[in-house]
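One structure is given below, encoded as structure tokens.
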Amino acid sequence: MPLPRSARRFADSLLHRPRLARACLFVALLPAPAAGVMAGSASGTSAPRPPLTQNGGTWPSGHVQGIAVDLQGGYIYYSFTNLLARYDFSGRLIGTLVGWTGHLGDLDFNPADGKVYGSLEYKDHAAFYIAIIDVNRIDRVGVNTGEADILRTVYLPEVARDYAADMDGDGRFDGDVADTRDHRYGCSGIDGVSFGPAFGHREGPALLTVAYGIYGNPDRTDNDHQVLLQYDVGDWNRLARSLSETAPHRSGPRAPHGKYFARTGNTTYGVQNLAYDAALGRWLLGVYPGRKTSFPNYSLFAIDADSVPVTGDLVGVPDADGEGREQGHLLALADDGLEDPATGLRGWHQKADVGLQPIGRGLFYLARNAGSRNAQTADLELVRWTGDARMPFAPASAEELP
């Protein structure tokens, strides 16, 4: 339904006002779309056209942590740490979800159930969850998580065990600090999430891959791997529980489908954004660069989907006896990008740490964060994968859109 001319003039006048005001005013100003247009395949209409750029509003929150895209429905979701914003492809704010104090990190949309999955952590309780969000019910600004289980959570005990491990054997867990020997593999929790096939395959059932956060500690040797867990979420409706911050639950799978390690050198808080792209047949890992001078400290790494995991030594990680190296399922980095001659590691100096989402045909949305305390924003740009060692992404054109 087109906007009345007077409303269009009013909308144009808002373009010179602060983004926070625009985001709130647009909710009341713009009409709701026709149900068929937003429903996409459910109505038999063609899917909406993705935008080349979009701004995610300005919010009194933490900085943007990740994005998710529903291509068929025509929505983009932004995680702002303690706020989730829902926009349609036209740039219209549909609503926000609020009401938690934990850290909501990277996101991915699951077309199998129409829900957004995201990493959610409460380090003081060693409670690490996958949040499963019924995003179709986010239809206004200020929807609260307590409203009829819009957000449910599944606990990840594997992460909690590694996070709370007393590695120095002093009988005391040192808590949420990087400058300690505690935390197995340097685990600081979780962040990157993405759906994709089992490692070693380009096709097959979609598993949820969850990446550890890793403390940026240059003084230890056992934190130089990215740790990736894969889960079959087929029975997670049985495990999911309502979020309770006063009494965190412990309902979740006893073990992951698989646990894997990719040696990249230590990074600051591990894989911030994880993305599987079926068109390229590879996983992309966006990180905050590390501080160890013995490594190249790239900010983007890639793992080919059909690279079969192999059992081998975790370099720098002593085994239980302290006389050898721990064994693990190793994932090789893709054989392109820049190459560090000293370590043989491959990667790119490319910002991909606050939003990275493939939409097919080698196209990705990249997010950039900006703003100040209590006024955080995110700008998306649609880019095309080039694979070039120095510039792996280039701006996409309208002709390349699906």
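The values are calculated or read from the model by the stated rules, or taken from the named source; none is laboratory data. Everything numeric in this text was worked out from a predicted model, so none of it was measured. In this analysis, Cβ positions are derived from the backbone assuming ideal geometry, glycine residues included, and neighbour counts consider all displayed protein chains. All accessible areas refer to the heavy atoms of the entire protein, side chains included, with ligands and DNA or RNA removed. Shrake-Rupley method; radii C 1.70, N 1.55, O 1.52, S 1.80 Å.
The figures follow:
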quantity: Flag if Tyr276 is assigned to a strand (DSSP E or B), of a type outside the set (Asp, Glu), under 25 Å from Gly355 (Cβ atoms) and open to solvent by 30 Å² or more (accessible area, probe 1.4 Å); calculated: no
quantity: Failed item, numbered, when Asp108 is tested on (1) touching a helix residue (DSSP H, G or I) at 6+ places or on another chain (Cβ under 9 Å); (2) at negative phi; (3) assigned to a strand (DSSP E or B); calculated: (1)
quantity: Output for the range 342-376, where each listed residue is in contact with a Ser or Thr (Cβ under 8 Å, 6 or more places away or on another chain), open to solvent by less than 10 Å² (accessible area, probe 1.4 Å) and not aliphatic (A, V, I, L, M); calculated: Gly347, Trp348
quantity: Pairs where the first residue, in the range 209-220, is without any contact (Cβ under 8 Å) to a residue 24 or more places away in the chain and over 13 Å from Ile190 (Cβ atoms) and the second is open to solvent by less than 10 Å² (accessible area, probe 1.4 Å) and assigned to a loop (DSSP other than H, G, I, E, B), C-beta under 8 Å, 6+ apart; calculated: none
quantity: One residue from Thr53, Thr96, Thr81, Thr101 being more than 27 Å from Ile190 (Cβ to Cβ) and among the β-branched types (Val, Ile, Thr); calculated: Thr53
quantity: Among the residues listed as Ala160, Ala211, Ala198, Ala165, the single one being modelled with pLDDT of 95 or more, assigned to a loop (DSSP other than H, G, I, E, B) and either touching a strand residue (DSSP E or B) at 6+ places or on another chain (Cβ under 7 Å) or crowded, with 22+ Cβ neighbours inside 10 Å (or both); calculated: Ala198
quantity: Lone qualifier among Gly322, Gly312 - being free of Cβ contacts under 8 Å to residues at least 24 places away in the same chain and either out of contact with any strand residue (DSSP E or B) (no Cβ under 8 Å at 6 or more places or on another chain) or of a type in the set (S, T, N, Q) (or both); calculated: Gly322
quantity: Answer from Gly258, Gly265 - the residue that is surrounded by fewer than 20 Cβ atoms within 10 Å (Cβ to Cβ), over 26 Å from Trp100 (Cα atoms) and either charged (D, E, K, R) or modelled with pLDDT of 95 or more (or both); calculated: Gly258
quantity: Residue within the range 146-153 that is hydrophobic (A, V, I, L, M, F, W, C), out of contact with any Cys (no Cβ under 8 Å at 6 or more places or on another chain) and open to solvent by 30 Å² or more (accessible area, probe 1.4 Å) present; calculated: yes
quantity: Tabulated pairs, the range 168-188, first open to solvent by 60 Å² or more (accessible area, probe 1.4 Å) and in a loop (DSSP other than H, G, I, E, B), second of a type in the set (Gly, Ala, Ser) and at pLDDT below 95, C-beta under 9 angstrom, 6+ apart or interchain; calculated: Arg181/Gly169
quantity: Residue within the range 229-243 that is outside any helix (DSSP H, G or I), of a type in the set (S, T, N, Q) and in contact with a helix residue (DSSP H, G or I) (Cβ under 8 Å, 6 or more places away or on another chain) present; calculated: no
quantity: Cβ-Cβ under 7 Å pairs, at least 6 apart or on other chains, the range 141-157 side part of a strand (DSSP E or B), far side among the aromatic types (Phe, Trp, Tyr); calculated: Thr153/Tyr129; Val154/Tyr129; Val154/Trp236; Tyr155/Tyr129
quantity: Some residue of the range 45-65 being at positive phi, crowded, with 18+ Cβ neighbours inside 10 Å and touching a Leu at 6+ places or on another chain (Cβ under 9 Å); calculated: yes
quantity: Answer from Ile94, Ile130 - the residue that is touching a residue at least 40 places away in the same chain (Cβ under 8 Å), among the aliphatic types (A, V, I, L, M), open to solvent by 20 Å² or more (accessible area, probe 1.4 Å) and touching a helix residue (DSSP H, G or I) at 6+ places or on another chain (Cβ under 9 Å); calculated: Ile94
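Let's see how each residue does on (1) open to solvent by 10 Å² or more (accessible area, probe 1.4 Å); (2) within 20 Å of the chain's Cα centre (by Cα); (3) modelled with pLDDT of 95 or more:
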residue: Ala39; (1), (2), (3): yes, no, no
residue: Ser79; (1), (2), (3): no, yes, yes
residue: Asp106; (1), (2), (3): no, yes, yes
residue: Asn110; (1), (2), (3): yes, yes, yes
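Conditions (1) within 20 Å of Ala262 (Cβ to Cβ); (2) modelled with pLDDT under 95; (3) part of a loop (DSSP other than H, G, I, E, B), marked per residue:
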{"position": "Ala332", "(1), (2), (3)": "yes, no, yes"}
{"position": "Ala342", "(1), (2), (3)": "yes, no, yes"}
{"position": "Gly347", "(1), (2), (3)": "yes, no, no"}
{"position": "Ala352", "(1), (2), (3)": "yes, no, yes"}
{"position": "Ile359", "(1), (2), (3)": "no, no, no"}
{"position": "Gln376", "(1), (2), (3)": "no, no, no"}
{"position": "Arg384", "(1), (2), (3)": "no, no, no"}
{"position": "Gly387", "(1), (2), (3)": "yes, yes, yes"}
